[in-house]
Amino acid sequence: MNLFSIAIRNLTYRKLPTALTMLSMALGVALVVLVLTISGVIERTFERTSNVGYNLIVGAKGSDIQLTFNTVFFLSQPVENVKYSYYMEYLPGDQRQKEYQRIGGDLPEPDRNGLYSFFMKGGFAIPLCMGDYVGSFRCIGTTPDYFNLLKHGDDLDYRFSKGRNFVDYSDDNGYFEAVVGSQVAYEMNLDIGSEIFASHGAAGGAQHNDGFRVVGILEPTGTPNDRGAFINIEGFYLLEGHVAPDRDERSGTEVKGTANAPERDTRLSKTRLPIDRREVTAILVKLEGPRGIGLQQSVNKTAFAQAVSPISVISGLLVFFVSPIKWALLAITSLVCLVSAISILVGIYNSMSERKRDIAVMRALGASRDHITSIILVESVLIAVGGGAIGWIAGHAVGPLSNTWTERATGVRINFFSINSVQEPFIVPGLIVIGILAGIIPALSAYRTSVAKSL
Amino acid sequence: MLEIRDLLKSYTEPSGNRLLILDIPQLNIAQGEQVVLRGESGGGKTTLLHIISGIVTADSGSIRLDGTELTAFSESRRDRIRADKMGYVFQSFNLLPAFTALENVRLGMTFARKKLSAERGKELLSKVGLADRMHYRPSQLSVGQQQRVAVARALANKPRLLLADEPTANVDPANQKRIIDLIKEVCRDELVAILLVTHSDEIAGQFERVERLEQINRAFADRIVTPDP
């Protein structure tokens, strides 16, 4: 026999008190693991989401957080719009000319380089129109470039579990094609060929008359795009209420009767809304090389537009909101572990009075005070670590059990053995320290046991 | 083998008086010798055993075991010597209830420095007639069986000296002689000296050498009552 087996035997002899004490420690550790797992999932989701595939979001002047939330997470309401012609300032001369010829309308100097095209060398700009809903999901009007050029997560291309990306104009569907995210398809029971109708302004609001044919369903990306319904921007502009009206120069108010959609005889008509009647909610800007700061500063100097780095905003959210909440929760769950440690201390200490004779017998058999102290400390550590192991298993089991929901909602799959936080490896050493600290007072009591009096 | 010279031990009473319990000029036990120590209750017999085993220290005097002076040692050293060279049989057996008979015997070997085979526990339990009870807990053994386990445990580490403090006090009369015979026989086989404490005439009569504490302990004759300053 050795000190370790003696300690184990002492614990198993007092099964119920040992089990109850281990259970309280298991609860504390399970809570810690859950907090770490959930915060790890949140951090990974944020990380994955912040790898959006573009460097800047350009939109109307206003709150940078609102612009980021609306554009990246499809939350909050859109900030004001900017003119489509402003988006075209991000294109070089040849692309501006092509765009002008494709769409038509009033655009001064269509063949010159855009004001910001210098910064855009090697990069691209993608327009977004937002404000409508499909069911409870955000509806985003954009170009096919959104899925052809952008990447997500670890520099991954967008892929379709079914179908294909929508195109600028289709012989079958005209301008009215759509791609939906995996979550949208699942919850609304959509498939290739389904028709979706956008609601103007709010979920459950009045639906537009023209529906969009679903031609593609995205593979899960673990980003908010899973919860987006993406429609061809050309079709978006043909819906009621999406025409930019004339505005009074002094007051800025809408001039009634000027927001008229173009005449179209059939759904497949190739008539487009002209450039001067278009507005965009946001412009996604991808840059090559270190031109971002220069462009951001230039845009932010204007009176009507702002350029926001989504990674900066998202990192700020993590640092200022998510991280403090995580540490607050960890502090609370650590208190639970502390209470459990105190119950270990109390449990073992109370047993000392029953065990005085046993301790004296072992001393009479030749055990030193250090032997006895070590046995008590080993018992305490075994309770802490044993209970902690049970709690670790329980905490980690919740992850895989919830994968059906978690993976759909966040794109993150939690495996049983995955370590979701850099803090988690510290749990075991922490438990050993807790066990030792909890065992010190009972061990001292055992150390001071008088052999002669106890026998 | 065991030589005691000028051993003094006193206690402080609750009233503050110092009470001299032991004043033993000389006591010797040879290797393999079996000695009974008789005395009245409260006379200091258990205290003497505790001092010899190193559980408590004497106020002064000399205790030599195989020529080694024990009184000069630290507590931890005395613990080691007790683990290596002495066995102890208690009046109330003091088996640990969480451990089986075999594990209780092996506890006797756990703290000794010499490495003994784990089989020795089984051998000793067989010797005391408990081969078929090795895995029983003390609560599952009779009183006589428990005391036999205690004897086996005391001999587990191959001691030089076995100290037995009223080993049959809690055993029924029918088993008392069996226990004493067992102790004597096993110690004789293992060449272990015995110092057995009892107040029973019958048990004392089974040993060749009987010492009376009243005769070897001068403190018994003249208890010194000295108030503490």
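Any chance you could check the Cα centroid distance between segment B:45-111 and segment A:311-386 for me, in angstrom?
When both Cα centres are located, 34 Å separates them.
Which entries of B:Lys127/B:Lys184; A:Lys162/A:Lys270; A:Lys453/B:Lys45; B:Lys45/B:Lys114; A:Lys83/A:Lys301; A:Lys356/B:Lys122 have Cα-Cα distances beyond 20 Å here?
Flagged as over cut-off: A:Lys162/A:Lys270; B:Lys45/B:Lys114; A:Lys356/B:Lys122.
Quick one: longest stretch of chain A between exposed loop chymotrypsin sites (Phe, Trp or Tyr not before Pro), exposed meaning at most 13 other C-beta atoms within 10 Å and loop per DSSP?
So the longest stretch without any such site is A:119-303.
Just want to confirm a number: the relative contact order over chain A, from Cα pairs under 8 angstrom separated by 6+ residues, in percent.
Relative contact order of chain A: 26 percent.
Taking neighbour counts of Cβ atoms within 10 Å as a proxy for exposure, in what order, fewest first, do A:Thr266, A:Thr302 appear?
Exposure proxy ranking, most exposed first: A:Thr266, A:Thr302.
What share of Cα pairs, in percent, lie more than 23 angstrom apart in segment B:2-227?
47 percent
Using only Cα atoms, find the angle between the long axis of helix A:292-301 and the longest principal axis of chain A, and express it within 0 to 90 degrees, rounded to the nearest 10.
60 degrees
Can you give the extra length, in nm with one decimal, that the chain gains between A:Ile432 and A:Leu444 once fully stretched, where that is 0.36 nm per residue apart less the Cα-Cα distance?
Length gained between A:Ile432 and A:Leu444: 2.5 nm.
Using the beta-carbon distance between A:Ile293 and A:Lys98 and R0 = 25 Å, what value does 1/(1 + (r/R0)^6) give for FRET efficiency, to the nearest 0.05?
For A:Ile293 and A:Lys98, the calculated efficiency is 0.30.
How far apart, in nm, are two points set 7 Å out from the Cα along the Cα-to-Cβ line at B:Arg209 and at A:Ser454?
Here the answer is 3.3 nm between the modelled labels.
Please list, short to long, the whole-number percent of alpha-carbon pairs of the protein assembly as shown in consecutive 20 angstrom bins beginning at zero.
P(r) over the protein assembly as shown, rounded to whole percents: 15, 29, 16, 14, 16, 10, 1.
Placing +1 on the Cβ of each Lys and Arg and -1 on the Cβ of each Asp and Glu in segment A:56-308, which of A:Ala303, A:Pro110, A:Leu268 has its Cα farthest towards the positive end of the resulting dipole?
So the residue we want is A:Ala303.
For chain B, set up a Gaussian network in which alpha carbons nearer than 10 Å are linked by springs, and say which option among B:Thr198, B:Thr168, B:Thr110 fluctuates the most.
In this elastic network of chain B, the residue with the biggest mean-square fluctuation among B:Thr198, B:Thr168, B:Thr110 is B:Thr110.
Identify, among A:Gly59, A:Ile440, A:Gly193, the residue whose Cα sits farthest towards the positive end of the charge dipole of the protein assembly as shown, taking +1 on the Cβ of Lys and Arg and -1 on the Cβ of Asp and Glu, with the dipole about the Cα centre.
The residue sitting most towards the positive pole is A:Ile440.
State the three equivalent ellipsoid semi-axes of segment A:56-308, derived from the C-alpha gyration tensor as the square roots of 5 times its eigenvalues, in descending order and whole Å.
So the equivalent ellipsoid measures 26, 23, 18 Å along its semi-axes.
Just to check I understand the Karplus step: with θ = phi - 60° and J = 6.51 cos²θ - 1.76 cosθ + 1.60, what whole-Hz values come out for segment B:208-213, glycine and proline as x?
6, 10, 10, 10, 9, 4
About the Cα centre of the protein assembly as shown, what is the dipole size in debye to 20, counting +1 per Lys and Arg Cβ and -1 per Asp and Glu Cβ, all else neutral?
For this selection, approximately 2520 debye.
Apply the Karplus parameterisation 6.51 cos²θ - 1.76 cosθ + 1.60, with θ equal to phi minus 60°, to every residue of segment A:380-394 and state each ³J(HN,Hα) to the nearest whole Hz, in sequence, with x for glycine and proline.
Karplus-based 3J(HN,Hα) across segment A:380-394 equals 5, 5, 4, 5, 5, 6, x, x, x, 5, 4, x, 4, 4, 5 Hz.
Step through the residues of segment B:99-108 one at a time and calculate ³J(HN,Hα) from phi using the Karplus curve (6.51 cos²θ - 1.76 cosθ + 1.60, θ = phi - 60°), rounding each to whole Hz and writing x for Gly and Pro.
Whole-Hz 3J(HN,Hα) from phi for segment B:99-108: 10, 6, 4, 5, 5, 4, 5, 5, 4, x.
Using alpha carbon centroids, what distance separates segment A:205-281 and segment B:181-216, in Å?
For segment A:205-281 versus segment B:181-216, the Cα centre distance is 110 Å.
Taking every residue in B:96-102, how many Cβ atoms of other protein chains lie within 10 Å of its Cβ, on average?
Mean inter-chain Cβ contacts per residue within 10 Å come to 5.
In what order do A:Cys337, A:Cys139 fall by count of nearby beta-carbon atoms within 10 Å, going from fewest to most?
A:Cys337, A:Cys139
Do the sum for the protein assembly as shown: with -39,500 (n - 2.57) for every DSSP H run of n ≥ 4, divided by all residues, what is the mean residue ellipticity at 222 nm, to the nearest 500 deg cm²/dmol?
Taking each H run of at least 4 residues, the total per residue is -13500 deg cm²/dmol.
What does the extension gain come out to for A:Phe304 and A:Asp157, with contour length at 0.36 nm per residue minus their alpha carbon separation?
Value of the extension gain: 49.6 nm.
With springs connecting C-alpha atoms under 10 Å apart, model chain B as a Gaussian network and identify which of B:Lys115, B:Lys158, B:Lys85 has the largest mean-square fluctuation.
Judging by the Gaussian network model, the answer is B:Lys115.
Order these by the 10 Å Cβ neighbour count, fewest first: A:Met130, B:Met86.
Going from sparsest to densest Cβ surroundings: A:Met130, B:Met86.
Readers should treat all values here as calculations from the given coordinates under stated rules, not as data from a laboratory. Because the structure is predicted, anything quoted here is derived from the model rather than measured. Positions of Cβ are generated from backbone atoms using ideal geometry, with glycine treated the same way; all protein chains shown enter the neighbour counts.
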